[in-house]
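A.B. asks: Before I ask anything, here is the structure I am working with.
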Amino acid sequence: LTCAVVRSAGQVQGAGRIRSVPDAVERLGPGAAEAILRSAPSYDLFNGNGSMALAPDRFRLHALSVQRAADRVAEEVGFAERDELALAAVLHDIGRPVLARLHPGYAERFDRRGGTPDDRIAAERRELGIDHSLVGGVLTRRWGLHSHIAEAVERHHSEQADGSAAVIRVADMIVAYLEESPVSLQALLDAGAQCGLDEEAIRKLVYEIPQGTGQKRRVSGPCPLSAREL
């Protein structure tokens, strides 16, 4: 659904590059947004979708987990561009379904449980000549997303990542750890240091993220409803 919304908004002429989902929805207007909601493809939670090379719900759940973890990391380090980060985080692995469709056996060969994030990205480059983060960067640029988002998607596995990419790198590793996928704890600590997180802060996040913070959902603008309407 996120892909459908931002792709359609990216086709609006003269609107500039998209920075967030609220930005995309505002550009589309309620009529176009509703049309996208009604026409977006769906899949059965338990039976999947035989036309998709990558299990859609595993992909979706990981994307949402990383998005939530990234928001919690951002809160911890005082990162300001939260809506921009949210979009980059939910799309961080969007290159994976592309590669899964192009290369039969990709999903099994590069399953998250088969190696650390850094090991898997290196194996993709070695065996395919490209990796899913680079594919995601190209794709998000073509969709009309702002360069900050495309760069975050493209660089979220880089040891030199900064800004949104660095936050997503930490979040992705934390989620991998919580999913019991292989992760290098030293790489996680190094990535945390890039964001300004020490070891104690990483421990705190690993403990807190599965429980949620209990905070209200953020809104990007004043609610249009009165207290009585609410």
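The values are calculated or read from the model by the stated rules, or taken from the named source; none is laboratory data. Remember, predicted model here, so these are calculated numbers, not experimental data. Ideal geometry is used to build each Cβ from the backbone, glycine not excepted, and the neighbour counts take in all protein chains shown. Protein only, heavy atoms only, side chains kept; ligands, DNA and RNA dropped before computing areas. Shrake-Rupley method; radii C 1.70, N 1.55, O 1.52, S 1.80 Å.
A.B. asks: Hey, I121 hits all of (1) open to solvent by less than 10 Å² (accessible area, probe 1.4 Å); (2) closer than 27 Å to G14 by Cβ but one; which does it fall short on?
C.D. replies: Result: I121 fails condition (2) only.
A.B. asks: Which of the numbered conditions does V77 fail, given that it passes all the others? Conditions: (1) more than 27 Å from I174 (Cβ to Cβ); (2) in contact with a Cys (Cβ under 7 Å, 6 or more places away or on another chain).
C.D. replies: Answer for V77: the failing condition is (1).
A.B. asks: How many residues does segment 68-79 contain that are open to solvent by 50 Å² or more (accessible area, probe 1.4 Å) and under 21 Å from I94 (Cα atoms)?
C.D. replies: 1
A.B. asks: Can I ask one more? When you go through S65, S39, S51, S20 one by one, which is the residue that is open to solvent by 80 Å² or more (accessible area, probe 1.4 Å), at pLDDT 90 or above and among the hydroxyl-bearing types (S, T, Y)?
C.D. replies: Matching residue, one of S65, S39, S51, S20: S39.
A.B. asks: Could you check segment 145-168 and list, in sequence order, the residues that are out of contact with any Asp or Glu (no Cβ under 8 Å at 6 or more places or on another chain), outside any helix (DSSP H, G or I) and surrounded by fewer than 20 Cβ atoms within 10 Å (Cβ to Cβ)?
C.D. replies: Selection gives S158, Q160, D162.
A.B. asks: So which of R38, R60, R101, R7 is out of contact with any helix residue (DSSP H, G or I) (no Cβ under 8 Å at 6 or more places or on another chain), closer than 17 Å to R141 by Cβ and of a type in the set (K, R)?
C.D. replies: It is R7.
A.B. asks: Examine segment 85-97 for a residue that is surrounded by 14 or more Cβ atoms within 10 Å (Cβ to Cβ) and at pLDDT below 95, and state whether such a residue exists.
C.D. replies: yes
A.B. asks: For the subset of segment 23-36 comprising residues that are closer than 23 Å to A88 by Cα and among the aliphatic types (A, V, I, L, M), which member is least open to solvent (accessible area, probe 1.4 Å)?
C.D. replies: Per the criteria, the residue is A24.
A.B. asks: Okay, moving on. Taking the options R126, R113, name whichever one is without any contact (Cβ under 8 Å) to a residue 12 or more places away in the chain and either part of a helix (DSSP H, G or I) or closer than 30 Å to V25 by Cβ (or both).
C.D. replies: Unique residue meeting the criteria: R126.
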